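The values are calculated or read from the model by the stated rules, or taken from the named source; none is laboratory data. Source: prediction; values computed, not measured. Using ideal geometry, Cβ is built from the backbone for each residue, glycine included, and neighbour counts are taken over all protein chains shown.
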Amino acid sequence: MNEILIIDQVVKFTDIKDVVGWHSDYIKGVADLKNNRLSLGGDLHADGEQLLISQIDTENEFLWGFNLYPDQNIEFESLINIKPRFGNKSIEIASSDIRESVKKLILSLILF
């Protein structure tokens, strides 16, 4: 398994890209919107999700998966995003408000 970093303070993208595993040309990540932190790396979004849950008591409804590219492009797609109970029935984050919150968190913690 590729290493997973938990980010809750500002870091440079160049520092994290050398530590976490790449899936071709992107990094898998999970945003914890309740605790304002990210998990980056790992083989599956679910790996980062479980690490976040195990470290601080958080609920699944606040965890959203994404793929981060070096050009700052963000894909809001992950199997962990399927949350019919919370109105998200596909792998893509349907809510523009949640997508914007995930993007703001990423850009507030990672300097490109």
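The set of residues in region 29-42 that are under 9 Å from ILE4 (Cα atoms) and in a loop (DSSP other than H, G, I, E, B) contains only GLY42.
Of the residues making up region 57-68, just one is free of Cβ contacts under 8 Å to residues at least 24 places away in the same chain and surrounded by 12 or more Cβ atoms within 10 Å (Cβ to Cβ), namely ASN60. Once region 72-83 is narrowed to residues that are without any contact (Cβ under 8 Å) to a residue 40 or more places away in the chain, under 13 Å from the mean Cα position of the chain (by Cα) and not in a loop (DSSP other than H, G, I, E, B), the residue that is nearest to ILE16 (Cα to Cα) is ILE74.
Checking ASP47, ASP8, ASP43 one by one, the residue that is acidic (Asp, Glu) and at pLDDT below 90 is ASP43 and no other.
Residue-wise test of (1) assigned to a helix (DSSP H, G or I); (2) of a type in the set (Gly, Ala, Ser); (3) crowded, with 18+ Cβ neighbours inside 10 Å.
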{"site": "ILE53", "(1), (2), (3)": "yes, no, no"}
{"site": "PRO70", "(1), (2), (3)": "no, no, no"}
{"site": "ARG85", "(1), (2), (3)": "yes, no, no"}
{"site": "ARG99", "(1), (2), (3)": "yes, no, no"}
{"site": "SER108", "(1), (2), (3)": "yes, yes, no"}
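The set of residues from region 55-66 being under 18 Å from GLU100 (Cβ atoms) and either in a strand (DSSP E or B) or charged (D, E, K, R) (or both) comprises GLU61, LEU63, TRP64, GLY65, PHE66.
Suppose the filter is in contact with a helix residue (DSSP H, G or I) (Cβ under 8 Å, 6 or more places away or on another chain), of a type outside the set (D, E, K, R) and crowded, with 16+ Cβ neighbours inside 10 Å; does PHE76 pass it? Walk me through it before giving the result.
On the way: in contact with a helix residue (DSSP H, G or I) (Cβ under 8 Å, 6 or more places away or on another chain): yes; of a type outside the set (D, E, K, R): yes; crowded, with 16+ Cβ neighbours inside 10 Å: yes.
In short, yes.
For region 86-112, filtering for residues that are modelled with pLDDT under 95 and hydroxyl-bearing (Ser, Thr, Tyr) leaves 0.
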